[in-house]
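Note sheet for the following structure.
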Amino acid sequence: MNLLDLVLALPLIGFLVLLLVPRAAESAIRALALGFSLVIFAASLGLAFGYETIRPGQQFVTDIVWVVSPNIHYHVSLDGLSLWLVILTTLLTPICILISWKSIQSRGKEFFAFLLLLEFGLTGVFAAHDLFLFYVFWEVSLVPMYFLIGIWGHDRRIYAAVKFFLYTFAASVLMLTAIIYVYNRAHTFNYSDILAMLASGRLEFTSSQQMCLFLAFFVAFAVKVPIFPLHTWLPDAHVEAPTAGSVMLASVMLKMGTYGLARFCLPMFPAAARACAPWIVVLAIVGILYGALVAMVQPNMKKLVAYSSVSHLGFVVLGIFSFTQIGMDGAVYQMLNHGISTGALFVLVGYLYERRHSLVIADYGGVAAAAPWLSTVFMITMLASIGLPTLNNFVGEFLVLQGSAQANFTWTVFASIGVILSACYMLWLYQRVFYGETPDEVRHRIFDLKPREWAAILPLIAMMVWMGMYSQSFLPAVRKTTARILEQTQVNVPIRVQAPVAPAEVVAHAR
Amino acid sequence: MPVSMAPAGVEYIRFLPEIILIAAGTLLMVLDVILRKQSPHIYGHISILALGAAMAAAVYANSSPGPAFSGMLIADGFATFFLVLVTGVGILTVLSSYRFLQREGAAPGEYHALLLFSIVGQCVMVSASELIMIFIGLEISSIASYVLAGYLRDDKRANEAALKYFLLGSFATAFFLYGVAVVYGMTGSTYLAAIRTAMGDGPTASAPVFIGVALALMFVGLAFKVSGAPFQIWAPDVYQGAPTPVSAFLTTGPKAAAFAIFLRIFMTAFEPIARDWYPLVWASALLSMTIGNFAALTQSNIKRLLGYSSIAHAGYVLVALAARSHEGTAAVMFYLAAYAFMNIGAFAVVSHLSGKGERFLSVDDFAGLGVRQPGTAALLSIFLLSLIGVPLTGGFFGKFYIFKAALDSHLVWLTVLGLLNSAVAAYYYLRILVVMYMREPSEATAGLEPLSLGLRAALIIPAVGTLFLGIFPAWVLDFAGKSSVLVR
């Protein structure tokens, strides 16, 4: 039992405790949920301090047999890829509880219980080092989010919730097939063992097998990211979800997809990944441009932010499939950045909605006069999201673009257009909402930030500045792991791609 | 087979579960005459006691495994597993029937006697190792079930259900019996082990047509009993029309027993020609899953929906059968146990909600259950998530083992199609969740009575079982794995 197990167990315990508290004790429920989430966050900070950056490989390992036959283990661990994502999850959960303090009027008990269950599932996804356990957490995280959207969402919540569940479930079922297939060949779900077997040649897939398996995993992850054209569930789910749901969805759940790509698709099926890379990159760039262009014409703020996510996640995919060290680092960093800045955007849009009860941009205007602090905070967040230097997104996007330029300069040219477009739609949004005439509704209803709201947004602002100014706090741990992933994709290629395709060609092609 | 004179004492022990149940069933019929309308709950209590005793006897019999009555019956791990399963299903059915019988004013005496007799039939089925014995068990079980399906005499739908079930059911058993006759003609034996030996060599190998005919006839009979496509047409009507606790029973108990003999016959007697019959099962599995799931998508009556879902689940189990391996056998056993829990639980909620005369059976009637009775709704959610196959529930591990066994036997396409099917299925189960949690309360949930004690037990036991199988699957799976080797 180490600290990671504690971080995993506490949300589940919190969930069960909340279920036992009587429904009437609403403020106790909220306080309990916040208390639990803060303790979990504190514990997860312990993970960051205890993590030894210089040591590559898995840390905080716990490996206990869960089921003997088939050989399933409760096997969790952290490395540079998962460490920050776990902390991102534990950081955002208390923030989500804070922003839901007043806005959740009915059935608060279930709401906060589901948030903790969601935290459990998400933390588990990033920590699991056993393929089966990974799948279990992957699906477990689906259920609370389904309820969060479906019960507490806006008007079209049911449609959005069902669409979200079915999209993800249908795609992940293919991944389950692939996982079982890999198990039947390798006789273990232990991810390190599988990679070791692949590296040593004890486990080999023919190139067509590898391609099928890669695609089965890829589709499951691509839906989650979402990669164009599998993104259509996202605008619905984001717009209809309650604010806390949107934040968790955008900031953490989307990362499950990109995390999966980097963690599983690349090291296990490197040849297939390289063969598909040009196509995937094209989809990523289409996603970047399409997301940005669609965001530009949205009349609904939340939808605008949702489409901007499609655009930003395209950068992450581009970085991963550039197969360069810098691109990969940038991709991982960009996952965290997007989690912080888009999470903050959703929080702020939620604040506006709580005041004005509208998400339509045209209903606003001149908010800067009515609520200067809110406008300032929104400004910082927006600039971070655009990628202004000294704020976090700049670092990530820069690294991704540099990495992709190393691989193929044309990609960078097209992807950079996305950066420009993001400035367009964000600034335009800001202009329409915060400047101009102040209508009466805005003047009367919109007031400035309250202490609770400050408490929720300040940590995110601080993170934006920190991550933008001093990325060295985070990147070294990431780099160790991404370097290892790249190594794995290099090592395996010559061993496993046999005669018909010359390995050198594949590598050159991907470059 | 050697014919011994009088059965030895240990053979009676191996037959003890059936003896207990027959005695209790007879007792109930006598009591019914003596007590008339007094103390209506006594029948349920006695049934539970008898079923519990039978379950204990089955476990005890497993400590001295072996054949009984000239090898017509056998006590082994496989039989024990299914004996515990069908008696357990019986107990849960009785628990969910207390309130139902009271509410509908139905006579409890005969009801419980019939239930016990039906379970006796299933017990005989699962422990038989000879075709005539299997047939007798099948008939005992079926005839009692036909009557149970039409137990609410004044209900038109129940009558239709019973009649349909009876006519088609007897037709199917006739098919089965023809199959038995042809097999006997070909091999000169009705003992499964002897048939297996004869299959491998001698005259049967030279007469593939007759064996094919026998196989097809028996397959038709058994596929009917497990509601496998294309012999599933009766299932939705019967499950919709029958009284709700009986529907819960029919979809789990008799079905599990039918799968047990399916396994015994196909994995023992016909095992040598597995390569020839597995395409049949393959096609039936795919058809059942697809028809069941797609038909369930458009249902508005909850019992009918669960009826179609039951066809789909039969399809999943057939996938494991098509794997024709010990692993597949173990997967069938595990899945049937998980399915029994989740389906009985789901039906118990339906029974609770439907109200007097089963008025509220539409999916929309579940609206607002999450607000009115959060506990009941939470339990139903567990069952539905398990039916979808979400991890940490028994249904997930069940599906996992089935498709793992299928992939092990290189049934890649069947696996992919089956899993995609389960994604389709998620839609209609989710619909119930949506209505339950995301809609305003309906007439049905507004006037809902509190859960009675029996129903509470009939909900909590399956819920605990479902979660137990989902979190600690190893116990049941290990036992199933060990017993699956015995089927040969």
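Below is a table of values for the structure above.
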| item | result |
| --- | --- |
| Relative contact order computed over region A:154-298 (Cα-Cα under 8 Å; 6+ residues apart), in percent | 31 |
| Largest-first ellipsoid semi-axes for region A:3-510, taking √(5λ) over the Cα gyration tensor eigenvalues, angstrom | 36, 27, 19 |
| Inter-centroid distance (Cα atoms) of region A:238-261 relative to region B:348-420, Å | 26 |
| Region B:410-474 shape via C-alpha gyration tensor axes, a/c threshold 1.5 | oblate |
| Rounded tilt (10° steps) of B:274-297 against the dominant C-alpha axis of chain B | 10 |
| Unsatisfied cross-links (Cα-Cα over 20 Å) in the set B:Lys37/B:Lys156; B:Lys255/B:Lys356; A:Lys102/A:Lys450 | B:Lys37/B:Lys156; B:Lys255/B:Lys356 |
| Positive dipole terminus of chain B, leading residue within B:Val124, B:Ala474, B:Gln102 (C-beta point charges) | B:Gln102 |
| Gained length - A:Asp63 relative to A:Lys450, 0.36 nm times residue gap less alpha-carbon distance | 134.8 nm |
| J(HN,Hα) series, region B:61-70, from Karplus relation 6.51 cos²θ - 1.76 cosθ + 1.60, nearest Hz, glycine and proline x | 4, 5, 6, 10, x, x, x, 9, 6, 6 |
| Dipole of chain A [Lys/Arg +1, Asp/Glu -1 at C-beta], most positive-end residue of A:Met382, A:Ala273, A:Ser200 | A:Met382 |
| Projected-area average for region B:11-484 over all orientations - Cα convex hull basis, square nanometres | 20.0 |
| Size of charge dipole - the protein assembly as shown - debye, nearest 20, with Cβ of Lys, Arg +1 and Asp, Glu -1, no other charges | 700 |
| Computed log₁₀ I(q)/I(0) - Debye formula, equal Cα scatterers, no solvent, region A:201-296, q 0.15, 0.20, 0.21 Å⁻¹ | -0.65, -1.00, -1.06 |
| Tensor-based shape of region B:88-205 (alpha-carbon gyration tensor, a/c under 1.5 rounded, otherwise prolate or oblate) | prolate |
| For region A:118-162: relative contact order, % (alpha-carbon pairs under 8 angstrom, 6 or more apart) | 32 |
| For region A:69-151: rounded, prolate or oblate by the Cα gyration tensor [a/c cutoff 1.5] | oblate |
| Which of B:Val435, A:Val239, B:Pro450, positive extreme of dipole for the protein assembly as shown (C-beta unit charges) | A:Val239 |
| Table column - 3J(HN,Hα) (Hz), region A:335-340, Karplus curve with 6.51, -1.76, 1.60, x for Gly and Pro | 4, 5, 4, 4, x, 6 |
| Cα gyration tensor of the protein assembly as shown - equivalent ellipsoid semi-axes, whole Å, descending | 55, 34, 22 |
| Charge dipole magnitude, Cβ of K and R +1, D and E -1 - region A:3-510, Cα centre, debye nearest 20 | 360 |
| Cβ-placed point charges (K, R +1; D, E -1), dipole of region B:11-484 about Cα centre in debye, nearest 20 | 560 |
| Taking only Cα atoms of region A:2-78, radius of gyration then Dmax in Å | 16.2, 50 |
| Loop chymotrypsin sites (Phe, Trp or Tyr not before Pro), region A:39-108 (other Cβ atoms within 10 Å of the site Cβ: 10 or fewer; DSSP) | none |
| Virtual spin-label span in nm between A:Phe49 and B:Tyr60, 7 Å along Cα→Cβ | 6.2 |
| Average Cα contact separation per residue, region B:11-484, under 8 Å, 6 or more apart, as relative contact order % | 15 |
| With 5 Å bins from 0: P(r) over region B:140-239, alpha-carbon pairs, percent | 3, 13, 19, 18, 13, 11, 9, 7, 4, 2, 1, 0 |
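Every number here is computed from the coordinates shown, using simple stated rules; none is lab data. All values reported here derive from a predicted model rather than from experimental measurement. Note that each Cβ is placed from the backbone with ideal geometry, even for glycine, and that neighbours are counted across all protein chains shown.
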